[in-house]
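One structure is given below, encoded as structure tokens.
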Amino acid sequence: MALAPVATPRHSVDGFVQEFLHELNTTQGVTLSASTINDQYKALALTVRNYLMARWLETTRNSIKSKSKAVAYLSAEYLLGRQLGNALLAADLADIAQEGLKQCGIELWQLRAQEVEPGLGNGGLGRLAACFIDSLATMNVPSVGYGIRYEYGIFRQTFVDGRQVEQPDTWLSLGSPWEFPHPEAAVTINFGGTTEKYTDEDGRERTRWLPEWDVQAIPYNYMVPGYLNGRVNTLRLWSAEATRAFDLQIFNSGDYARAVRAQTFAENISKVLYPEDSTPQGKELRLQQQYFFVAASIRDFINQVLGEDFDLHNLSDRIIFQLNDTHPVIGVPELMRVLIDEEGFGWDEAWEVTSKCFAYTCHTLLPEALEVWPTELLGRLLPRHLEIIYAINDRFLEQVRDRFPGDEVRVGRMSIIAEYPERAVRMAHLASVAATKINGVAELHSQLLRDKVLKDFADLWPEKFTNVTNGVTPRRFLRMANYKLSGLLTETIGSGWVTDLERLRELEPCADDPEFREKFREVKAFNKRRLTNLLRARDGIDLPEGHMLDVMVKRLHEYKRQSLKILHVISLYEQVISGKISADEITPRTVVFGAKAAPGYRLAKDTIHLINKVASVVNEDKRLDGRLKVAFPANYNVTLAEKLIPAADLSEQISLAGKEASGTGNMKFALNGALTIGTDDGANVEIRELVGDDHFFLFGMTEPEVEALQAKGYHPGEYYQNNPQLKAAVDLIQSGIFSGGDRGTFDSLTSSWLYHDRFMVFADFDSYIAAQKKVEEKYADQDAWTRSAILNMARTGYFSSDRSMRDYMTRIWNITPDF
Ligand code: 26Q
């Protein structure tokens, strides 16, 4: 190919091709004809990166110069999803790239398919962080995301005989073209050892930490491009490397093997993401990870952004550290330590600053999900921090005693230190004491935080508590994932909705327009075909045509009640094979599951096994006449979500009321025109209020009803005995029909439901089945269904993460965007 003239404008097809070929030659070291798809993918990624580079450098330079207040989002997880499509979109290069690659005989989608997504998170919390940094960049907010560059992200799920088997996620094996390592900006992080008191030159009593070992934190920068606004923010993820001390040890000790073991030990810190998402184990490595990234981030912000001569008394004018759950809370005693031990602040001065620099977002309601660290462990790893935590607690409890004299029971409840079953630090209490603001992630959740989980703290400091309902980025989950629908929207109301999602309201009248409804249905049909093709190639799954697509995708957890969904399937099946109904009474439906279970979570893994076994029996049974299918593609992740959600008709959001903090999948489905069947839980409440009762299938107990039933005593056996349909479904499992005749295979599950189900599956069964009947009735009237689907989309613009970010700015951060 002839070289294009030097003056070719970059933002043109020719200019693009020139840069792409240049990258292929110079960084991949291949010619076009000799290149592999991976070479081409990487060259394309580097080309797109180059387009964003000048903007990135400029954004970075300005944010250091500008002296405006910035947000540091501290999160142990970022579930980013693939980067290429988003970067192309943000840089307005998608069409140019597609055309340019075509000229080179390459299909853009094939290169996009080459990318392995960075799965550096478990689920909702990690994906939320990714949506938030996208919105902050798009809204021109000076901000930086800090986290951990796990070498292995969330495990790859496979199924062997229907059971989950975990494989390591080797997302870095072919290298990532999106990261920029900065070894020169490494930060040393200390661990272990002891503390000692000493008197400084001014005769002041001081403490110093004498750590025992350390590691290097190496920053890797990632671009976070705003949508078409020329801003590129930074995500800074830390990777652990052994310090030079280890090399010296190798040199001096002669015990090479031991020294290498020590190096491996240090580098373990950022090796792997913990795959638990709701029952955290108090594992030492996990605490090392938390301190590692938070200490590095605080040091980094102070050194890089503020610089040597900044007066740290004014720190809160320049930064707010947003704590994504309690995982980064160890940052509180760390900032105190830096200010007191390293900067010579007095306690009160240091607390004055620290208590203005942190805000805390809670993401749970389950007591077992609240992190606690045994003082034995914390003191061994971070002795100085434990002392500081005790000192914070002493002063805090004094305040509680002042406010509530004689109420020692309250003092015990509120203490940062728990005494039973072992002495431990309650991280949510530490966060609540230190934070300027505490927020829940949906209205109901924030209410329950105030009234239950953190009630004592809300009594003491009502003004600290607020709500920010979660949101999702319209760029990834509508504009990119559903480009057909995006085209229709833009054709109808213009393209402003991409950054102003409330404008979807303008589509309300279209719900009554038969022509628009037809187009909307065509988009759904297209998305279903696209999903069908993907699942055939990816999983060997055949989706039947013309079925209602009923989708439940989320982490597997008892409280989310995948069990209720599979009981519905089993019940339909049972009714047909026992002759209670004929197959043609069933609405043709395919139920799609996607869910990973924490590797040590037995009941969750058993549920996966059950779903797979039900699928293999139901899918083969001719008596159903092909009208009921179950599909469970393995390894649900962001990439699969982007194909599944736009194809869905029905969104399953069926957690026990009062257990799901918010949910964010629920928002993505509604925005893509699915109807929700759901309980009055998390953000479902707000979705229903916005779309209206006629366009939402509500079922199940309310949170107060759950509470009342719990108080009175929940006896699942009574539901089983009194509901023949439920009994028949459970009995069918126990008959062994799904387990090759073995009656005991699923005993762990059935006896959990029958005898000690905290999440009351049987109590909501009847109501769920009734709501599913309503679903079928509505689906039979395709016009009515489509009308509701359009209204769901038109009325849920509120759930943009841009709006969430605006709420954080006004209710929590007290900042305005930079222009
Ligand atoms: C903590 C310590 C040790 C090991 C693991 C963990 C850990 C890791 C991840 C604990 C919890 C998580 C993730 C929690 C999570 O994803 N919560 C979800 O957050 C979403 C965003 O706010 C909400 O929409 C969901 O309702 C909530 O379940």
Report summary line: Ranking GLY678, ILE611, TRP753 by how far each Cα lies towards the positive end of the charge dipole of the chain (+1 on Lys and Arg Cβ, -1 on Asp and Glu Cβ), the top one is ILE611
Report task. Please report the orientation-averaged projected area of segment 580-700, defined via the convex hull of its C-alpha atoms, in nm². Result -> 9.0 nm²
Report summary line: For segment 295-383, whose charge dipole is built from +1 on Lys and Arg Cβ atoms and -1 on Asp and Glu Cβ atoms, the candidate among PHE345, THR364, GLN304 with its Cα farthest towards the positive end is THR364
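Mind checking the dipole of the chain: about its Cα centre, +1 per Lys or Arg Cβ, -1 per Asp or Glu Cβ, Debye to the nearest 20?
Numbers: 91 positive and 111 negative charges, 251 e Å.
Approximately 1200 debye in magnitude.
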Query raised in the report: Relative contact order, percent, of the chain when contacts are C-alpha pairs under 8 Å separated by at least 6 residues?
Result: 13 percent
Report task. Within the set of other residues whose C-beta is less than 10 Å from the C-beta of GLY226, count the net charge using Lys and Arg as +1 and Asp and Glu as -1. Result -> +2
Query raised in the report: Mind ordering 790-801, 156-167 by average Cβ neighbours within 10 Å, highest first?
Result: 790-801, 156-167
Query - Estimated 222 nm signal from helices in the chain, with DSSP H stretches of n ≥ 4 weighted -39500 (n - 2.57), rounded to 500 - result: -14000 deg cm²/dmol
Query raised in the report: Given +1 on the Cβ of Lys and Arg, -1 on the Cβ of Asp and Glu, and no further charges, what dipole in debye does segment 92-229 carry about its Cα centre, rounded to the nearest 20?
Result: 260 debye
**Report entry** Size of segment 117-156 as Cα extents on the principal axes (Å, biggest first)
**Finding:** 35, 17, 15
**Report entry** Pairwise centroid distance, computed over Cα atoms, of segment 734-772 with segment 322-401, Å
**Finding:** 43 Å
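Taking N as the number of residues in segment 159-249, what value does Rg over Cα atoms divided by 2.2 N^0.38 Å take?
Segment 159-249 yields a ratio of 1.75.
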Query raised in the report: Which value, in debye to the nearest 20, gives the size of the charge dipole of segment 717-819 about its Cα centre, when Lys and Arg are +1 and Asp and Glu are -1 at the Cβ?
Result: 340 debye
Report task. Give the Rg/Rh ratio for segment 261-374, taking Rg as the radius of gyration of the Cα atoms and Rh as the Kirkwood radius, to two decimals. Result -> 1.01
Query raised in the report: What aspartates and glutamates could a cross-link reach from LYS629, if we take a straight Cα to Cα line under 12 Å and drop same-chain neighbours fewer than 8 places away?
Result: ASP542, GLU545, ASP550, GLU620, ASP621
Report task. Stick to the Cα atoms of the chain, pair each with every other, and give me the Kirkwood hydrodynamic radius in Å at one decimal. Result -> 28.3 Å
Requested in this report: Work from the charge dipole of the chain (Cβ charges, +1 for Lys and Arg, -1 for Asp and Glu, about the Cα centre) and give the residue of MET667, ILE438, TYR808 farthest towards its positive end.
Outcome: MET667
Report summary line: Taking alpha-carbon centroids only, segment 508-527 lies from segment 448-480 a number of Å equal to 34 Å
Query raised in the report: Can you give the translational diffusion coefficient of segment 661-768 in µm²/s, computed by Stokes-Einstein from the Kirkwood radius over Cα pairs at 10 °C and 1.306 mPa s?
Result: 100 µm²/s
Query - Distance between segment 24-49 and segment 153-184 - C-alpha centres, whole angstrom - result: 22 Å
**Report entry** Alpha carbon Rg of segment 713-767, scaled by the compact-globule rule 2.2 N^0.38 Å
**Finding:** 1.11
Query raised in the report: For segment 475-554, what is the convex hull volume of its Cα atoms per residue in Å³?
Result: 122 Å³
Report summary line: Most exposed to least, judged by fewest other Cβ atoms within 10 Å, CYS362, CYS357 sort to CYS357, CYS362
Query - Burial ranking of peptide ranges 110-120, 490-500, 640-650 (average Cβ count within 10 Å, highest at the top) - result: 640-650, 110-120, 490-500
Query raised in the report: Can you list the lysines whose alpha carbon sits under 26 Å from that of LYS271, skipping same-chain ones fewer than 8 residues off?
Result: LYS42, LYS283, LYS554, LYS596, LYS605
Query - Cα-Cα over 29 Å, subset of LYS437/LYS484; LYS69/LYS668; LYS622/LYS659; LYS727/LYS773; LYS455/LYS560; LYS560/LYS622 - result: LYS437/LYS484; LYS69/LYS668; LYS622/LYS659; LYS560/LYS622
Query raised in the report: Binning every alpha carbon pair distance of segment 1-129 at 10 Å from zero, what are the percents per bin?
Result: 12, 35, 31, 18, 5, 0
Query raised in the report: How big is the antiparallel share of DSSP beta bridges in the chain, given as a percent to the nearest 5?
Result: 45 percent
Query - Antiparallel content of DSSP bridges confined to segment 328-476, in %, to 5 - result: 50 percent
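Does segment 520-659 come out rounded, prolate or oblate by the C-alpha gyration tensor, with a ≥ b ≥ c the root eigenvalues, rounded set by a/c under 1.5 and, if not, prolate when a/b is larger than b/c and oblate if not?
Oblate is the answer for segment 520-659, as a/c is 1.5 or above yet b/c matches or exceeds a/b.
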**Report entry** Binned Cα-Cα distances of segment 71-204, short to long, each 5 Å bin given as a whole percent
**Finding:** 2, 8, 11, 15, 16, 14, 11, 8, 5, 4, 2, 2, 1, 1, 0, 0
Report task. May I ask you to work out the translational diffusion coefficient for segment 166-216 at 25 °C, viscosity 0.890 mPa s, via Stokes-Einstein with Rh from the Kirkwood sum over Cα pairs, reported in whole µm²/s? Result -> 160 µm²/s
**Report entry** Ranked ASP550, ASP214, ASP202, criterion: other C-beta atoms within 10 Å, fewest first
**Finding:** ASP202, ASP214, ASP550
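Take peptides 24-34, 76-86 and line them up by average Cβ neighbours within 10 Å, highest first, as a rough protection proxy.
Going by the mean number of other Cβ atoms within 10 Å, highest first, we get 76-86, 24-34.
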**Report entry** Intensity falloff of segment 314-469 expressed as log10 I(q)/I(0), Debye formula with alpha-carbon point scatterers, at q = 0.20 Å⁻¹
**Finding:** -1.42
Report task. Report the dimensions of segment 437-524 along its three principal axes from the alpha-carbon atoms, largest first, rounded to Å. Result -> 56, 24, 19
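None of the figures in this text is laboratory data; all of them are computed from the coordinates on show. In this text, all values refer to a predicted model and were calculated from it rather than measured experimentally. Cβ sites come from the backbone with ideal geometry, for glycine too, and all protein chains shown count toward neighbours.
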